[in-house]
Amino acid sequence: QVQLVESGGGLVQPGGSLRLSCAASGRDFSVGAMTWYRQAPGKQRELVAFIASGGITNYGDSVKGRFTISRDNAKNTVYLQMNSLKPEDTAVYYCNADIKTGTALRFNAYWGRGTQVTVSS
């Protein structure tokens, strides 16, 4: 069974930085695209940042220029460096990954349980 586990969330003051990590673990799997989403109370889940297996990236408009997504394919891990944080960045951040297990021909979407990020003074 493959699992995604996020870490790195917490409380930070406005203007501060946090680095989130999401690691995929299990047996006999390969990872495709990896994506960070977030969901604030009372709001819909929104895409934060995307990175393809080859490294192409894309960002939500609200985080462009402040957040950077990266990945370490050897560790099956994706990172989200968040700078210049604002109170409106407060949300639960979820990791999503396209994962193919064993001899499967298709990738399936896997989700982590989320990590809370709170930006407040």
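Bear in mind that the values in this text are calculations on the coordinates, not laboratory data. All of these numbers come straight from a predicted model, not from anything done at the bench. Neighbour counts are summed over all protein chains in view; Cβ atoms, including those assigned to glycine, are modelled from backbone coordinates with ideal geometry.
For this structure, a couple of remarks:
- Cross-link reach is defined here as a Cα-Cα straight distance under 19 Å, omitting same-chain residues fewer than 8 places apart; for K64 the lysines meeting it are K86.
- GNM top mover of R38, R71, R106 - the chain, alpha-carbon springs below 10 Å: R106
- Bridging of K100 to lysines at a Cα separation below 25 Å is possible for K75, once same-chain residues fewer than 8 apart are set aside.
- For the peptides 91-99, 74-82, 1-9, 49-57, the ranking by mean Cβ contacts within 10 Å, running from highest to lowest, is 91-99, 74-82, 1-9, 49-57.
- Top of L85, L47, L105 by mean-square fluctuation, Gaussian network on the chain, Cα under 10 Å: L105
- Dimensions (Å) - the chain, Cα atoms, principal axes, largest first: 49, 24, 24
- Note on N58 and Q13: their simple-model spin labels are 3.7 nm apart, each label 7 Å out from Cα toward Cβ.
- Here the gap between R66 and S25, fully extended at 0.36 nm per residue and compared with their Cα-Cα distance, gives a gain of 11.9 nm.
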